[in-house]
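The values are calculated or read from the model by the stated rules, or taken from the named source; none is laboratory data. Just so we're clear, the structure is a prediction, and the values are computed from it rather than from any experiment. For neighbour counting, all protein chains shown are included, and Cβ atoms are generated from backbone atoms with ideal geometry for every residue, glycine included. Note: areas computed on protein heavy atoms with side chains; ligands, DNA, RNA excluded. Shrake-Rupley method; radii C 1.70, N 1.55, O 1.52, S 1.80 Å.
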Amino acid sequence: MPTAPVVTDREGLDDFIEALREHAPKIERDVARLRNAPGEREVIGSLFRALHNIKGDAALCNVDLAVAIVHPIETLLARVRNSNLLFSEAIAETILLTIDRLELAMARIASGDALDTLQLRPLVEGLEKLAMAASAEVDERAAEVLEAVTGFRPVFVASLTTRGVTGLRAAAKSEAAEDLRFFLTLASQFEARSPLFKGRSTRILRLALETNQMAGEPIEPIQLEAAVYMHDVGMMFLAESVWLKASDMSPEEKTILRAHPGYAAGLLSRMAGWTAAAEMVAQHHEAPRGSGYPAGLDSAQICSGAKVLAIVDAFEAVMLKHINRGRNRSLLRAIAEINACDKQFAPEWIEPFNQVIRRSVEAI
């Protein structure tokens, strides 16, 4: 890769630099949004299109260096867009660094300055390896790219799919993280069925893990995380006319709906290491006094993870129901409804949940 490429089409270079100036801010905004909601399919599509357009503009303007830099990142985002890979903090940092280096490179080429200090060769070579890396290796390959270009080894904040696995042996940790990525992919597919579901898994996961933490973490966090992702995946085995119905359900439709915990629990129970998560999913619609479903269990028979999941899932449902009232009013209404349903939820988990919500309200 030349340290100072010869400009053969100055007008084309200027046109590309102008197009890059327009695309870069949009890419930064999309990356920021995906950091908060990595499953947002619309934003993922927008980010992919922006990168694809940059590569297309570079080819059209005869800026081969830009094509070489952007192509592997576009390939990586295609995997995210196709649900073969989850958007992570590592991917976010790599995209931002790549666009930053691309802008610097174009500015230097335009002014006739050398490119050797930008570390473009290790950038492109690292991105090419990253684009083809196995899912479980993506964050590590991204860290290598960032270190090769900047000289610093990044320490990423634990993502949703790695939290809670630090105590496992190395092989099991890798397998668990890979399983969680798969579970989150399924949850993202569920969320895509309705715009009202966007970000749902992230919100429920935060509440579930914080409630568990507030109580001293009696529930294994990694199992709870898996249960959060999978608890409603069973809905996708049912006709959408039933579970996406806006009006009241008939008795027959309610019977059909009550089968959904069993489907997702069945998937988990057939995968090694997820027995506890399967139990949580199977029981998350049970109620302490035996009025829940599918088995009509009483409080002593319901596992703690299912009790927590029942509370946070109901809270999310109430928030959604009252979303038209505005965020603050719906939050207060949801808290009131959850605390009023003493027969539906486990009383020993209501107080830790209230503490988490109280802390959230104070932070607004």
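Data overview
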| item | result |
| --- | --- |
| Directionally averaged projected area (convex hull, Cα atoms, region 7-92), nm² | 5.2 |
| Residue-span extension gain [ASN62 to ARG121] - 0.36 nm each, minus C-alpha spacing | 19.3 nm |
| Cα-based radius of gyration of region 1-153 once divided by 2.2 N^0.38 Å, which approximates compact folds | 1.00 |
| Zone residues, region 179-203, relative to MET236, backbone N less than 11 Å from point 7 Å out along Cα-to-Cβ | 182-193 |
| Given the chain, longest segment not containing exposed loop trypsin sites (Lys or Arg not before Pro) (DSSP; at most 11 other Cβ within 10 Å) | 1-168 |
| Cα centroid separation - region 66-91 against region 5-47, whole Å | 13 |
| Estimated FRET transfer efficiency when R0 is 30 angstrom, pair LEU96-ASP248 (beta carbons, to 0.05) | 0.05 |
| Within the accessible area of the chain (1.4 Å probe), percent carbon and sulfur | 53 |
| 0 to 90° range, to nearest 10: angle between helix 221-230 axis and the chain longest Cα axis | 90 |
| Relative contact order of region 1-103, defined on C-alpha pairs under 8 angstrom at six or more residues apart (%) | 32 |
| Tail beyond 12 Å, pair distance distribution of region 258-310 (Cα, percent) | 57 |
| Using alpha-carbon coordinates, inclination of helix 41-60 to the longest axis of the chain, degrees | 10 |
| List ASP30, ASP14, ordered by accessible area with a 1.4 Å probe, largest first | ASP14, ASP30 |
| Average accessible area per residue (Å²) across region 4-116 - probe 1.4 Å, nucleic acids and ligands excluded | 45 |
| Over region 190-300: Kirkwood hydrodynamic radius from C-alpha pairwise inverse distances, Å | 15.0 |
| Degrees, to the nearest 10: 260-269 long Cα axis against longest axis of the chain | 70 |
| Zone residues, region 184-207, relative to SER46, backbone N less than 16 Å from point 7 Å out along Cα-to-Cβ | 195-196, 198-199 |
| Calculated on alpha-carbon atoms, Rg and Dmax of the chain in Å | 24.0, 78 |
